[in-house]
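Novice: Pasting in a structure now, in structure tokens, and then I'll have a few things to ask.
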Amino acid sequence: MTLVRKEEMAAARLARLAPDLDARMAEIVDALLELSGAAHRDAVIDRVAHRRTGQAASPGLKAELIAAFDAHCRALRSRGLAPLVHRPFGERSHRWALTPEADDFLRRASL
């Protein structure tokens, strides 16, 4: 299976499971799925950048993805909902992860 086909399948899966998910967050979630559910944010960002351009992330893309991650967490918490992602070692941590519930749900749904 080609890389493009794999990316299209992942994007379609995420669109089906979370239709209101911001496109940048869909890329972050998909990268986290590929990285076993958790990784340093720079690894996640570089995975997204590599998929988009084949190169390392620019400072602008890094800032954009960090802002999208933070906005996702804030928006869902403000509505009393659990975000798909979190910082497992606290708010100052640079480690990003799928929540255990999101990881389980997304992996089961992709079977």
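Bear in mind these aren't lab numbers, they're just calculated from the coordinates by the rules spelled out. None of these values were measured; they are calculated from a predicted model. Here the Cβ is made from the backbone with ideal geometry for all residues, glycine too, and neighbour counts use every protein chain on show.
Novice: How about segment 29-96: which trypsin sites (Lys or Arg not before Pro) there lie in a loop by DSSP and see at most 13 other Cβ atoms within 10 Å?
Specialist: Numbers: sites: 41, 47, 51, 52, 62, 74, 77, 79, 92, 95; in loops: 79, 92.
When the trypsin sites (Lys or Arg not before Pro) of segment 29-96 are filtered for loop state and at most 13 Cβ neighbours within 10 Å, 79, 92 remain.
Novice: Pulled fully out, how much extra length does the chain show between residue 82 and residue 34, if you take 0.36 nm times their separation in residues and subtract their Cα-Cα distance? Write out the running numbers ahead of the final one.
Specialist: On the way: separation 48, 0.36 × 48 = 17.28 nm, distance 2.13 nm.
That works out to 15.1 nm of additional length.
Novice: For segment 72-111 and segment 35-54, what is the separation of their Cα centres, given in Å?
Specialist: Taking the Cα centre of each part, segment 72-111 and segment 35-54 sit 16 Å apart.
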